[in-house]
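One structure below.
Derivation of every value follows stated rules applied to the coordinates shown; laboratory data play no part. Here the structure is a predicted model, which means the values were calculated and not measured. Using ideal geometry, Cβ is built from the backbone for each residue, glycine included, and neighbour counts are taken over all protein chains shown.
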């Protein structure tokens, strides 16, 4: 495998990982980018090249840096951070009453942890 092929594979892998960490399906991303779902699949399988403009759009949607998508190592990575960010994205989608209930539950859990 050539160096170029290795770079393409790395980018495809990062794009798939970023999408999964963002909690998005290929179909959702395709809709956001006005593409067909199989196009996203082809990109993530390294069977389709990605333009610079597309890379910028992916980085914006996934809230990651272009450098990271391009294969640079991420600075210190906290494995729980991805889960926290996914939870935050889901919380934003809740109705006010449901959000208030979740916040109450979190406060209750935190108080329970302090008693131990």
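Can you tell me the 0 to 90 degree angle between the C-alpha axis of helix 96-115 and the longest principal axis of the chain, rounded to 10?
70
Taking the number of other C-beta atoms within 10 Å as the exposure measure, put 15, 24, 33, 103 in order starting with the fewest. The partial results should precede the final answer.
Working: 15 23, 24 18, 33 15, 103 12.
The most exposed by this proxy come first: 103, 33, 24, 15.
Taking the chain as a Gaussian network, where each spring joins two C-alpha atoms under 10 Å apart, which residue of 71, 104, 23 fluctuates the most?
Of 71, 104, 23, the Gaussian network model singles out 104 as fluctuating most.
So what's the angle, to the nearest 10 degrees on a 0 to 90 scale, between helix 79-92 and the longest Cα principal axis of the chain?
70
Of [x] 43, 32, 32; [y] 68, 26, 22; [z] 58, 31, 18, which is the value of Cα extents along the principal axes in Å derived from the coordinates here?
Given [x] 43, 32, 32; [y] 68, 26, 22; [z] 58, 31, 18, the structure-derived one carries the label [z].
Among 29, 50, 56, what is the fewest-to-most ranking by other Cβ atoms within 10 Å?
Numbers: 29 23, 50 18, 56 12.
Neighbour counts put them in this order, fewest first: 56, 50, 29.
Using Cβ counts within 10 Å as a stand-in for footprinting exposure, how do 84, 43 rank, fewest first? Spell out each step's value before the answer.
Working: 84 10, 43 25.
Taking fewest neighbouring Cβ atoms as first place, the list is 84, 43.
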